[in-house]
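Enquirer: Could you have a look at this structure, given as structure tokens, before my questions?
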Ligand code: ADP
Ligand code: MG
């Protein structure tokens, strides 16, 4: 834990980013527009963030020399994905770099067993669940966990590493299929819809929270997030914001954090998972909020004051997956009709500069703004129609 406030890192200086994906790239853009320079650590020579950073250290996330080099350049380092080895953050701290968030917070949220235990301790409701480390734990699991979902405790994302199970037999099979790794078994809940809250917490403990986004997934991957600027202070959004702040406080968190929630058919709010970084469902903030989630990450990492999370417009964010590059069953990719997308009023296009389109791969997103939700939705339908 950081104690008190150290002096901020100022524009002109360097910030470090572990991870070279699109979240890292959008962090670089935000940092650079504030006058910072960024050093990115990522092994991929074609990484989206490495391509725009002032410095790209091409090495593994746990490469001791590379971590020493990063700490030598940057006074503070942040990350863009939860699977960064906590030991790497500890190594950076050992070299005198500030790590925001710190290794302890990241270690908790990168393991579903620790994450759910932590949420429960913090007084935030989670789905009924049971840690599963061996088949015996499935045999003795409460009946109430069926039908359920067996999720690998570590390294899951976009619906990968999880299996829906309606019986103990299926759960035993799924545990075997997942390689016998530690898992959690959780009850399948009756969802009305899903929402998420992005917040930032500074070194001094100050917090800012964005209005919750309503999220729709397709094949386990986020497809659409929307925020009605007029409903941002509604009851559910406010309750989710308060729960997310409670989580950030309990973690003594420094940086940007996202909490995914389920809203159940009876109205109850259940925390699903925590991401220790900006989140796909917060991309709407790039155009529809006074300060974006990426600029908040820059500010929090540098120890600067956090920014205004106020809404400028209602917004629908459409994810652009690689599937859009392939017509029907075509094997070869073609570029979508960007000019027609940009012709739709309120549409703002963000592409991540990935060399190759692949099905299911996140290639970019479009934020579609409107004076109200009806207008944003109507414009978003036009964008979706253009993309086919
Ligand atoms: P990931 O790390 O892949 O995002 P999640 O735990 O968020 O994994 O699960 C992915 C999606 O599966 C959720 O967004 C939700 O739609 C559905 N889901 C997950 N857990 C439950 C549950 N307990 N009950 C009902 N649906 C669930
Ligand atoms: Mg999720």
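Enquirer: Looking at the structure I just gave you, is residue 355 surrounded by fewer than 20 Cβ atoms within 10 Å (Cβ to Cβ) and free of Cβ contacts under 8 Å to residues at least 40 places away in the same chain?
Expert: Working: surrounded by fewer than 20 Cβ atoms within 10 Å (Cβ to Cβ): yes; free of Cβ contacts under 8 Å to residues at least 40 places away in the same chain: no.
When the stated conditions are applied, residue 355 does not pass them.
Enquirer: Are any residues in the stretch 153-183 near ligand 1 (Cβ under 9 Å from one of its atoms) and at negative phi, and if so, which ones?
Expert: Filtering the stretch 153-183 for residues near ligand 1 (Cβ under 9 Å from one of its atoms) gives 156-162, 164.
156, 157, 160, 162, 164, listed by residue number.
Enquirer: Please state which of the following conditions residue 84 fails to meet, knowing it meets all the rest: (1) in a helix (DSSP H, G or I); (2) within 24 Å of residue 244 (Cα to Cα).
Expert: (1)
Enquirer: Follow-up question, since we're still on this one. Filter the stretch 149-182 down to residues that are away from ligand 2 (no atom under 16 Å from the Cβ) and in contact with a helix residue (DSSP H, G or I) (Cβ under 7 Å, 6 or more places away or on another chain) and give me whichever is farthest from residue 84 (Cα to Cα).
Expert: Applying the first criterion (away from ligand 2 (no atom under 16 Å from the Cβ)) to the stretch 149-182 yields 165-182.
Subset that is in contact with a helix residue (DSSP H, G or I) (Cβ under 7 Å, 6 or more places away or on another chain): 165, 168, 171-172, 175, 182.
Working: 165: 30, 168: 33, 171: 29, 172: 30, 175: 25, 182: 19 Å.
Out of the qualifying residues, it is 168.
Enquirer: Follow-up. Looking at (1) within 16 Å of ligand 1 (Cβ to nearest atom); (2) in contact (Cβ under 8 Å) with a residue 40 or more places away in the chain, which is the one condition that is false for residue 236?
Expert: So the condition that residue 236 fails would be (1).
Enquirer: On to the next question. Please find, within the stretch 138-161, the residue that is nearest to residue 187 (Cα to Cα) out of those that are in contact with a strand residue (DSSP E or B) (Cβ under 8 Å, 6 or more places away or on another chain) and free of Cβ contacts under 8 Å to residues at least 24 places away in the same chain. Walk me through it before giving the result.
Expert: Filtering the stretch 138-161 down to residues in contact with a strand residue (DSSP E or B) (Cβ under 8 Å, 6 or more places away or on another chain) leaves 138, 141-142, 144-153, 156, 158-159, 161.
Still in the list and also free of Cβ contacts under 8 Å to residues at least 24 places away in the same chain: 142, 161.
Working: 142: 10, 161: 16 Å.
Going through the qualifying residues, I end up with 142.
Enquirer: A follow-up question, please. Sort out which residues of the stretch 117-152 are under 26 Å from residue 242 (Cα atoms), assigned to a loop (DSSP other than H, G, I, E, B) and away from ligand 1 (no atom under 11 Å from the Cβ), and write them in order of number.
Expert: Matches in the stretch 117-152: 122, 123, 124, 125.
Enquirer: Failed condition for residue 91, given (1) assigned to a loop (DSSP other than H, G, I, E, B); (2) surrounded by 17 or more Cβ atoms within 10 Å (Cβ to Cβ); (3) modelled with pLDDT of 95 or more, with all others met?
Expert: (1)
Enquirer: While we're on this one: Please state which one of 206, 230, 200, 216 is closer than 21 Å to residue 308 by Cβ and under 18 Å from the mean Cα position of the chain (by Cα).
Expert: Residue meeting the stated conditions: 200.
Enquirer: Please work out which residue is farthest from residue 29 (Cα to Cα), limiting yourself to the stretch 295-340 and to residues that are part of a helix (DSSP H, G or I) and touching a strand residue (DSSP E or B) at 6+ places or on another chain (Cβ under 6 Å). Before you say what the answer is, go through the steps one by one.
Expert: Applying the first criterion (part of a helix (DSSP H, G or I)) to the stretch 295-340 yields 295-302, 322-325, 338-340.
This time we only want the ones that are touching a strand residue (DSSP E or B) at 6+ places or on another chain (Cβ under 6 Å), so: 296-297, 300-301, 322.
On the way: 296: 12, 297: 12, 300: 15, 301: 15, 322: 23 Å.
The extreme case among them is 322.
Enquirer: Quick check: is even one residue across the stretch 46-54 closer than 18 Å to residue 89 by Cβ and either outside the structural domain of residue 294 (by TED's automatic domain parsing) or more than 23 Å from the chain's Cα centre (by Cα) (or both)? Walk me through how you get there before you give the answer.
Expert: Here is the first cut: in the stretch 46-54, the ones closer than 18 Å to residue 89 by Cβ are 49.
Checking the rest, the ones that are also either outside the structural domain of residue 294 (by TED's automatic domain parsing) or more than 23 Å from the chain's Cα centre (by Cα) (or both) come to 49.
Scanning the stretch 46-54, I find at least one residue that is closer than 18 Å to residue 89 by Cβ and either outside the structural domain of residue 294 (by TED's automatic domain parsing) or more than 23 Å from the chain's Cα centre (by Cα) (or both), so the answer is yes.
Enquirer: Right, another one. Which residues, taken from the stretch 360-372, are crowded, with 18+ Cβ neighbours inside 10 Å and closer than 21 Å to residue 313 by Cα? Quick ask: steps written out before the conclusion?
Expert: Residues of the stretch 360-372 that are crowded, with 18+ Cβ neighbours inside 10 Å, as a first pass: 362-370.
Scanning the stretch 360-372 gives 364, 365, 366, 367, 368, 369, 370.
Enquirer: Pairs only if they're at least six apart or on different chains, beta carbon under 8 angstrom, first in the stretch 261-284 and in contact (Cβ under 8 Å) with a residue 12 or more places away in the chain and closer than 23 Å to residue 102 by Cα, second assigned to a loop (DSSP other than H, G, I, E, B) and away from ligand 1 (no atom under 13 Å from the Cβ); list them, first residue then second.
Expert: Correct list of pairs: 271/124; 276/101; 276/253; 277/80; 278/80; 282/210.
Enquirer: Something else now. Being within 11 Å of ligand 1 (Cβ to nearest atom) and either closer than 17 Å to residue 239 by Cβ or assigned to a loop (DSSP other than H, G, I, E, B) (or both) is the filter here, so list the residues in the stretch 266-280 that pass it.
Expert: Just the residues of the stretch 266-280 that are within 11 Å of ligand 1 (Cβ to nearest atom), to begin with: 270-275, 279-280.
If the condition is that a residue be within 11 Å of ligand 1 (Cβ to nearest atom) and either closer than 17 Å to residue 239 by Cβ or assigned to a loop (DSSP other than H, G, I, E, B) (or both), then 270, 271, 272, 274, 279 are the ones that fit.
The values are calculated or read from the model by the stated rules, or taken from the named source; none is laboratory data. Predicted, not measured: the structure shown is a model, and the values here were computed from it. Glycine gets a Cβ as well: all are built from the backbone with ideal geometry, and neighbour counts include every protein chain shown.
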